[in-house]
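Every read-out reported here was derived from the displayed coordinates using simple, explicitly stated rules and does not represent laboratory data. In this text the structure is predicted, and so the values were computed from the model without any measurement. As a convention, Cβ positions derive from the backbone with ideal geometry for all residues, glycine included, and neighbour counts pool all protein chains shown.
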Amino acid sequence: MNDMERSAPPGTFRSLTVEELLAAFAEGRPSPGGGSATALAGALAGALAAMVASLSLDKPLGPDQRHDLQNVQAEASGLQNRLAELIDEDAAARGAGAHLAGDTVAMDDFPKRMLIGMCAGRHNATRSEQQRARQR
């Protein structure tokens, strides 16, 4: 059992199975909505980043590389946990009528910036990959 599973209070979206959570999104109710789905996608990205860092730590590394990867792993795990919390916070805000049009009230600026940065970084990487493919 990981930290996210232990910290998910009963009755929250985080405590549901994947199948149950997908069904909740498909029910056609306002909550959980797009903010919760975005938080879920971010939490998955954080989990995958932590996994990659963890797998990389098993390889021969220099001390600086090991330190950097440990920092990445810790930051990614922290983001995973915070974004997982935001799944329920966004759903609660939406359910309470505090969700404003075009603005996800529950998401503070840091996770938003991280998600935007992750998406922008992937977009730039894709563009670089496309440029290299054209040069071949």
Inset, instruction - Count the net charge of all other residues whose Cβ sits under 13 Å from the Cβ of Ala91, scoring Lys and Arg as +1 and Asp and Glu as -1. - result: -2
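Grab the Cα-Cα distance for Ala37 and Leu57, subtract it from 0.36 nm times how many residues apart they are, and report the gain in nm with one decimal. Spell out each step's value before the answer.
Values: separation 20, 0.36 × 20 = 7.20 nm, distance 3.03 nm.
Answer, rounded to one decimal: 4.2 nm.
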Legend entry - Hull-based mean projected area of region 30-82, where the convex hull spans the alpha carbons, in square nanometres: 3.4
Legend entry - Pair Ala74, Glu20: separation of 7 Å Cα→Cβ label points (nm): 3.4
